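The values are calculated or read from the model by the stated rules, or taken from the named source; none is laboratory data. Just so you know, these numbers come straight off a predicted model, no measurement behind them. Here the Cβ is made from the backbone with ideal geometry for all residues, glycine too, and neighbour counts use every protein chain on show. In case anyone asks, the SASA skips ligands and DNA or RNA and just uses the protein heavy atoms, side chains included. Shrake-Rupley method; radii C 1.70, N 1.55, O 1.52, S 1.80 Å.
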Amino acid sequence: MGQRVILVVIFDERSSLGLVRLRVRKANAELERIFETIQQKVEAEKTRRLEGFDSPFAEITDEDIDNLFRD
């Protein structure tokens, strides 16, 4: 399942291998969509937090720095 998770399927001898493969393929597609949605939400939240982040240095101007080093 991509690079994120491993899907483990447990079944017994009563299950046909073809049916297991079919259901795994369907589950895989659905889980991929879910994980992609989660990833998009995480990235959007990171972006939102970074945009709202005010650096303590944001208000310092070049003039302020020059004033610090004047004799």
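Carbon and sulfur together cover what percent of the accessible area of the chain at a 1.4 Å probe radius?
55 percent
Would you look at the GNM of the chain, springs on alpha carbons closer than 10 Å, and say which of ALA29, ALA44, ALA58 moves the most?
ALA58
Report the FRET efficiency, 1/(1 + (r/R0)^6), for GLN3 and PHE57, where r is their Cβ-Cβ distance and R0 is 30 Å, rounded to 0.05.
That gives a FRET efficiency of 0.25.
Mind giving me the nanometre distance, one decimal, between the label points for ILE38 and LEU19, set 7 Å out from Cα along Cα→Cβ?
For the pair ILE38/LEU19, the computed spacing is 2.9 nm.
What do you get for the angle between helix 17-52 and the principal long axis of the chain? Use alpha-carbon atoms, 0 to 90 degrees, nearest ten.
With rounding to tens, the tilt is 10 degrees.
Give the accessible area for LYS41 in Å² (nearest 10); use a 1.4 Å probe, count only protein heavy atoms, and leave out ligands, DNA and RNA.
Its accessible surface works out to 140 Å², give or take rounding.
Could you list, bin by bin from short to long, the percent of Cα-Cα pairs of the chain in 5 Å steps?
3, 12, 13, 11, 9, 8, 7, 6, 6, 5, 5, 4, 4, 3, 2, 2, 1, 0
Taking a probe of 1.4 Å, how large is the accessible area per residue of the chain, in Å²? Let's see the in-between values first.
On the way: 6970 Å² over 71 residues.
With all protein chains present, the chain gives 98 Å² per residue.
Based solely on its DSSP helices, what 222 nm [θ] is calculated for the chain when runs of n ≥ 4 H residues each add -39,500 (n - 2.57) and the sum is averaged over all residues, nearest 500 deg cm²/dmol?
Details: 2 runs with 43 residues, N = 71.
Rounded to the nearest 500, the figure is -21000 deg cm²/dmol.
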